[in-house]
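Read the structure below first, then the notes.
The values are calculated or read from the model by the stated rules, or taken from the named source; none is laboratory data. All figures in this text were calculated on a predicted structure; none of them were measured in a lab. Cβ coordinates were reconstructed from backbone atoms using ideal geometry, including for glycine residues, and neighbour counts include every protein chain displayed.
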Amino acid sequence: MIGLAPEPSLAILALVLGLAVGSFTNVVVWRLPRGESLVHPSSHCPRCGRPLRWWMNVPLVSWLLLRGRCGFCRSPIPVTYPLVEALSGGLWVLMAWPGVGRLGALPPLLNLLAGGLLLLWLLPLALIDARTLRLPEPLCRWGVLTGLAVTLGAVLLQPEAAGLLRLHLLACAVGLLGFEATSAAAERLLGQPALGLGDARLAALLGAWLGLGGLGVAVALAIVAGALFGVAGRLSGCLGPRQPFPFGPFLAVGGGLAWLGGDGLAALLQRAVVAGF
Ligand SMILES: [Zn+2]
């Protein structure tokens, strides 16, 4: 069951961690598609190249204090930077809510860290796919391995939840192979790729973190949202005929919702489907 509110101290910790991780997410989204190192050089202005002082690098606060401009050359800093930081902070607070998550009844702090780690993969993958139509392979691979490692850790802490590891491994394989098979079939039918290999890797990542039930919820939500987006895009003229659009962001949002909804959301959807028949 989802509880009413997290402990205030846990919520504050979640917010601070989420803002910091959001700031790092901005670095990943900017540098990874360009093949740049994530650590060297330290944060700098892309226009004048000068390294930022510590007070220019405080999530949200610095952007507001500097009124959205570089502290040296005054060139504008896109509003997406503070927005990603705020989004990350808000999502981390949701991850602190009692009852969210899909790894049994972990202690609240560990459950928050597990959810936050999932966001650490989902947020940059969604943003990079939205911008570049690509889901970088190393990010997906490490996301899968982290998901399986976190599941293993949860099982070691809760021997009664031993079955989780098998379900998450199975979901990882089902996600990868199911998407690859669908993609191959769609390519044959439509004569053009419908889903990228990156989507299959992201589905494997979701399986590793969410298990079979969670993967089902995430994919179902992603398909519905993606289809609505595609139809709206075509009707409004924003999307041309056969113009590809990224599916990764829909999978990432579905995955995040499947985690936040806990076991209750999967059961609810299952009941809704059964009632529909
Ligand atoms: Zn500058």
Inset, instruction - Kindly indicate whether any position in the stretch 111-121 is within 17 Å of LEU32 (Cα to Cα), of a type outside the set (A, V, I, L, M) and assigned to a helix (DSSP H, G or I). - result: yes
Inset, instruction - Check PHE245, PHE229, PHE250 and return the single one that is modelled with pLDDT of 90 or more and over 27 Å from LEU164 (Cβ atoms). - result: PHE229
Legend entry - Selection from the stretch 67-85 of residues that are crowded, with 17+ Cβ neighbours inside 10 Å and either outside any loop (DSSP other than H, G, I, E, B) or away from the ligand (no atom under 16 Å from the Cβ) (or both): TYR81, PRO82, VAL84, GLU85
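Taking the stated definitions as given, is SER62 among the small types (Gly, Ala, Ser), at pLDDT below 95 and assigned to a helix (DSSP H, G or I)?
Working: among the small types (Gly, Ala, Ser): yes; at pLDDT below 95: yes; assigned to a helix (DSSP H, G or I): yes.
It is true that SER62 is among the small types (Gly, Ala, Ser), at pLDDT below 95 and assigned to a helix (DSSP H, G or I).
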Inset, instruction - State whether the residues of the stretch 220-230 include one that is buried (at least 17 other Cβ atoms within 10 Å of the Cβ) and under 22 Å from ALA154 (Cα atoms). - result: no
Legend entry - First in the stretch 41-56 and assigned to a loop (DSSP other than H, G, I, E, B), second anywhere and surrounded by 13 or more Cβ atoms within 10 Å (Cβ to Cβ) and small (Gly, Ala, Ser), Cβ under 9 Å, 6 or more apart: SER43/SER23; CYS45/GLY71; ARG50/GLY71; LEU52/SER43; LEU52/SER62; LEU52/GLY71; ARG53/GLY71
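Could you tell me whether the stretch 114-124 includes any residue that is farther than 19 Å from GLY254 by Cβ and not small (Gly, Ala, Ser)? Show your work before the answer.
Residues of the stretch 114-124 farther than 19 Å from GLY254 by Cβ: none.
No.
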